[in-house]
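The values are calculated or read from the model by the stated rules, or taken from the named source; none is laboratory data. A quick note: this is a predicted structure, and the numbers were derived from the prediction, not measured. As a convention, Cβ positions derive from the backbone with ideal geometry for all residues, glycine included, and neighbour counts pool all protein chains shown. Heads up: the accessible areas ignore ligands, DNA and RNA and are worked out on the full protein's heavy atoms, side chains in. Shrake-Rupley method; radii C 1.70, N 1.55, O 1.52, S 1.80 Å.
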Amino acid sequence: MALPPSQNTPSNDKAEQRLAAQQDVFLREVDDAVRQDQLESFFARYGKPLIALIVIALAAFGGYLYWDHKQTQQREGNAEAFVQALDSLKAGKLDDADAKLKTLAGEGSDGSASAAKLMLAGIALDQGKKDDALKLYAEVARDEKAPQPMRDLATIREVGANFDAMKPQDVVDRLKPYAAPGNPWFGVAGELVGMAYLKMDKKDQAGPLFGAIAKDEGVSAALRSRARQLAAVLGVDALDEVVDDKGEPIGKDGAKTAADAGANDEDAAQGAGE
């Protein structure tokens, strides 16, 4: 007896495979068409703004590169002009240095312009142009764009240059914040404040201040020496060591010892007796 033909014959399998392949191809084509349509719709809607944004970004980047290049050239030019001005100063050519520095003060960056003004003020003082110097110091001291150390230096030099014409209390008011141990300007500002105290006959405040300056190893040797002498005159013990009649330390860092000082005094006495 013959069996009925199977439903899963090879011919049916092939037909199903062809159908599945055709459906897969059709779905991919539909998917590609949808994606292309979405892409076209996106560019139709956002294409021009996107292109404009890219152009603006490239222009901004190019502008930054140009600006950075110009800034580098300006810094190099300012540095060269500053060096030339220093060379002119060393050679005693004040007018030549003055001309170079004025250009730098007007065209330089905040830091180089401030430095140029400080040097111009120093030249003006050397030439007896006190008013011009005070004006330049005041400009730097009040310039909020200038580096703070330069503003501080300008303040102290302005007061120092105009000390005799200022009221002592005004000197104290302007420089007292700097006249504190630990401040980078303690020595210079402290000396001016101490002298202002002496003008006001406030020896009880001037003496300890000079004594503190004399003991501060961060202060220059010349300034410490002056402070020692002033402190000694005001009755303040400025040093732990023994000091001579000039306020100089004896027996420290290779200085003369007390024995040496005594021997020298004895020799001097013998010489006088002879």
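Restricting the search to segment 209-240, which residues are of a type in the set (Ser, Thr, Tyr) and either within 18 Å of residue 182 (Cα to Cα) or in contact with a Pro (Cβ under 8 Å, 6 or more places away or on another chain) (or both)?
220
When you check residue 170 against the structure, is it more than 25 Å from the chain's Cα centre (by Cα), farther than 22 Å from residue 224 by Cβ and assigned to a helix (DSSP H, G or I), yes or no? Yes; evaluated as a whole, the condition is true for this residue.
The combined condition, being of a type in the set (Gly, Ala, Ser), touching a Gly at 6+ places or on another chain (Cβ under 9 Å) and surrounded by 21 or more Cβ atoms within 10 Å (Cβ to Cβ), is fulfilled by residue 179. On inspection, residue 139 fails the criterion of being of a type in the set (Asp, Glu), open to solvent by less than 50 Å² (accessible area, probe 1.4 Å) and either modelled with pLDDT of 90 or more or more than 19 Å from residue 185 (Cβ to Cβ) (or both).
Filtered by the rule that a residue be part of a helix (DSSP H, G or I), over 15 Å from residue 159 (Cβ atoms) and open to solvent by 10 Å² or more (accessible area, probe 1.4 Å), segment 184-212 gives 198, 203, 204, 205, 208, 209, 212.
The set of residues from segment 116-143 being outside any loop (DSSP other than H, G, I, E, B), under 20 Å from the mean Cα position of the chain (by Cα) and more than 13 Å from residue 157 (Cα to Cα) comprises just one member, 116.
Filtering 170, 260 for residues that are at pLDDT 95 or above, charged (D, E, K, R), at negative phi and out of contact with any helix residue (DSSP H, G or I) (no Cβ under 8 Å at 6 or more places or on another chain) leaves a single hit, 170.
Consider residue 140 carefully, then state whether it is among the β-branched types (Val, Ile, Thr), closer than 12 Å to residue 193 by Cβ and out of contact with any His (no Cβ under 7 Å at 6 or more places or on another chain).
Taking the combined requirement at face value, the residue does not satisfy it.
For segment 157-176, the set of residues classified as open to solvent by 50 Å² or more (accessible area, probe 1.4 Å) and closer than 22 Å to residue 222 by Cβ consists of 157, 164, listed by residue number. Does residue 50 satisfy being at pLDDT below 70, open to solvent by 100 Å² or more (accessible area, probe 1.4 Å) and of a type in the set (A, V, I, L, M)? Taking the combined requirement at face value, the residue does not satisfy it. Select from segment 144-165 the residues that are outside any helix (DSSP H, G or I) and farther than 14 Å from residue 118 by Cβ and list them in ascending order. Across segment 144-165, the qualifying residues are 144, 145, 162.
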